[in-house]
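What follows is a set of notes on a single structure, which appears directly below.
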Amino acid sequence: MSDVFGCKRGILVAYLVFGMGCLFCTVSNELVWLIVGRIISGVGGAGMTILTSVLITDSVPSSEVALLRSYKRSLNMAGQGIGAPLGSLITETVGWRWAFAGRLPIIVACAWLANRHTREDITPRGKGMSKYEELKHIDYAGIVCLSVAIATLVLAINGGVGPAWRAGFAALCVASWVLFVWLELAWARKPLIPLTMVQDVGMFWLAQLFTFGGREGLRANLVPYLTKVHNLETTLASLYIGFMSLGNSMGGIACGLVMKRYKRYHVMSVVSVLISIPLNVLLCFIWSRGASAWGSLVVIPMGIANGIISSAQFVGMTARSKQGSSTSAIGAYHLFQRLGSIIGTAGASAVVHALFKSSVFGRMDVKSAKEIIEQVLKDSKYLWTLPATTQQVVRSCFNDGYQFVPVLTLLSLLVVAPFIIFTREQRL
């Protein structure tokens, strides 16, 4: 849509949709309407994420993109870091609705600033066609297929349904992906993801899939690990997310400053990967031993390395994109990040629960195990009501499950490492 109407209008519409979704969540009285509101806000949030990156890329030289994106990413990470403990505090004190309602004044302020300060000359990219013709050429079928593919992927991995339903969702997911690829290659006049770009930047997209899969799997399970294994309060455990986000921001800013000065990104990526691997091995050792919660602070240097890798890879991707295709390249880049987040978060949680259940059944009689598993997974506070000896056993079982999470992060990094190390640098 930004190719038709321009980035400024696109980002204002994204703010509007995001605000509508938050308002919908605030006034919803049933779970189904809350989910609908989250879907609406997710659509707006995706537009905000992509278009801010497009605005930065189109506004400054390539050597300065990483620095400006690092500022944006720092604010993003700060929001995520503050949001977790703040959301817990708001929910526990005044209620969950205010976690959504509190966003509305901020959204209005951001929309006002975007309208006031975004340049009008960041214009649509249409080539001699009217807006009506451009709208006709949008790949609506591809959008529907991709949406179905992603939704069924989530349901197949961790949908809370039986094996038969999971198999059905998996089959529909595969069919949707096949149809989507066919549409992009053979039918769409203006593909949602131009597959002809794969040769130039496809490996950057794939790297984001694995990087975010491992990183978000760890991020999503860090607080549950600390609360269920080490008995930390949720608000205190959420601070670890803040520490991880702080490291990510520091790495992004450092990468941007170095890149602006030396106009190089490859060496920083390689060094960060080589540092990340032993740090991930250390985290695997810490979680496997059930060591003190303080040991998990290793996520700070891990976050720094991830921040450098993410900033450098984005600049490398935009540098290799052909002129006029940056919007599609950036959109696909963020899409693969979101896919990685979905797969990593849902997949890691599913495996953690499976290993936890297996460990409980191995240590308790079947009747007690079933009751504890059902109650603990439904409400984590139930764990605190158990006798001390039973609590210790259950926490040990949770530790058996969460050991998989840093292993997933390490494996994803090992998959990405050869690509980052052996990809030739594009001069900025």
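The table below gives the values:
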{"item": "Residue within segment 294-316 that is touching a residue at least 24 places away in the same chain (Cβ under 8 Å), over 19 Å from the mean Cα position of the chain (by Cα), under 30 Å from GLY6 (Cα atoms) and outside the structural domain of LEU153 (by the TED database) present", "result": "yes"}
{"item": "Residues satisfying the stated conditions in segment 386-413, i.e. in contact (Cβ under 8 Å) with a residue 60 or more places away in the chain and closer than 15 Å to LEU218 by Cβ", "result": "TYR402, GLN403, VAL405, PRO406, VAL407, LEU408, THR409, LEU410, LEU411, SER412, LEU413"}
{"item": "Residue in segment 349-359 that is of a type outside the set (Gly, Ala, Ser), surrounded by fewer than 17 Cβ atoms within 10 Å (Cβ to Cβ), in contact (Cβ under 8 Å) with a residue 40 or more places away in the chain and not in a helix (DSSP H, G or I) present", "result": "no"}
{"item": "Residue list for segment 28-38, filter: exposed (fewer than 15 other Cβ atoms within 10 Å of the Cβ) and in contact with a helix residue (DSSP H, G or I) (Cβ under 8 Å, 6 or more places away or on another chain)", "result": "TRP33"}
{"item": "Pair list, Cβ under 7 Å, 6 or more apart: segment 26-54 residue under 15 Å from VAL13 (Cβ atoms) and in the same structural domain as THR91 (by the TED database), other residue of a type in the set (Phe, Trp, Tyr) and part of a helix (DSSP H, G or I)", "result": "ILE40/PHE24; SER41/PHE18; GLY44/TYR15; GLY44/PHE18; GLY45/PHE18; MET48/TYR15; MET48/PHE18"}
{"item": "Scope segment 254-310; condition of a type in the set (Ser, Thr, Tyr) and in a helix (DSSP H, G or I); matching residues", "result": "TYR262, SER269, SER272, SER276, SER288, SER296, SER310"}
{"item": "Positions within segment 191-210 being under 11 Å from MET317 (Cβ atoms) and among the β-branched types (Val, Ile, Thr), in sequence order", "result": "VAL201"}
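Residue-by-condition table, conditions (1) crowded, with 17+ Cβ neighbours inside 10 Å; (2) polar (S, T, N, Q):
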site	(1), (2)
ILE275	no, no
GLY307	yes, no
VAL315	yes, no
GLN337	yes, yes
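Here is a yes/no grid of residues against (1) in the same structural domain as ARG38 (by the TED database); (2) part of a helix (DSSP H, G or I); (3) surrounded by 15 or more Cβ atoms within 10 Å (Cβ to Cβ); (4) under 23 Å from the mean Cα position of the chain (by Cα):
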site: ALA151; (1), (2), (3), (4): no, yes, yes, yes
site: ILE157; (1), (2), (3), (4): no, yes, yes, yes
site: ALA171; (1), (2), (3), (4): no, yes, no, no
site: VAL174; (1), (2), (3), (4): no, yes, no, yes
site: LEU183; (1), (2), (3), (4): no, yes, yes, no
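The values are calculated or read from the model by the stated rules, or taken from the named source; none is laboratory data. Everything numeric in this text was worked out from a predicted model, so none of it was measured. As a convention, Cβ positions derive from the backbone with ideal geometry for all residues, glycine included, and neighbour counts pool all protein chains shown.
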